[in-house]
Amino acid sequence: PPALRGRVDTTRYRVCGAGRAPPIAVEAAQRDPRISGVVMLSPRAGATDQGPTLAMPKPMSIPVWIGQAPEDFEQFEFNDALYQDSIRSVSRVVDAKAGGTGAWPLRYAPDALKRLTDWLKEKKPARAKGATPPTARHTR
């Protein structure tokens, strides 16, 4: 495929977790210093996952983007806590006006999708100390 013909910069990337996957995205961010941000779509976490999920953004200095839809109303307090614990100057909470959960609202709420793509393009602060990128780069 054409996308694999050029150089790929693997020194920084972002992860996305939808639904019950944010704890997995959080764990990945804790383990890999190359992760420069976490996107959470309709984040939901069980009682045992909420603590580790809430502990991630601020101590690791990782910006978060939280997308929520009307169906996510039961998670609004959790989502607000995620935002409050993050780097608020570069993190965002976006209320999609379209129905559905996960990535579906991005399809039917163009304003939410635009806000996500704009956020992905914004310059973010460097990762916290100790986050050194790998020396090897993968090319094809």
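The values are calculated or read from the model by the stated rules, or taken from the named source; none is laboratory data. In this text, all values refer to a predicted model and were calculated from it rather than measured experimentally. Backbone-built Cβ (ideal geometry, glycine too); neighbour counts: all protein chains shown. We work out accessible area using only protein heavy atoms, side chains counted, and drop any ligands, DNA or RNA first. Shrake-Rupley method; radii C 1.70, N 1.55, O 1.52, S 1.80 Å.
Mind checking which strands (runs of 3 or more DSSP E) fall wholly inside the stretch 1-116 and carry at least 3 residues that are open to solvent by less than 60 Å² (accessible area, probe 1.4 Å) and either in contact with a Gly (Cβ under 6 Å, 6 or more places away or on another chain) or not hydrophobic (A, V, I, L, M, F, W, C) (or both)? Even if it seems obvious, please write down each step before you answer.
Working: elements: 13-18, 35-41, 64-68, 92-95.
The strands (runs of 3 or more DSSP E) meeting that bar are 35-41.
How many residues does the stretch 117-140 hold that are at pLDDT 65 or above, part of a loop (DSSP other than H, G, I, E, B) and surrounded by 15 or more Cβ atoms within 10 Å (Cβ to Cβ)?
Residues that pass the stated criteria total 1.
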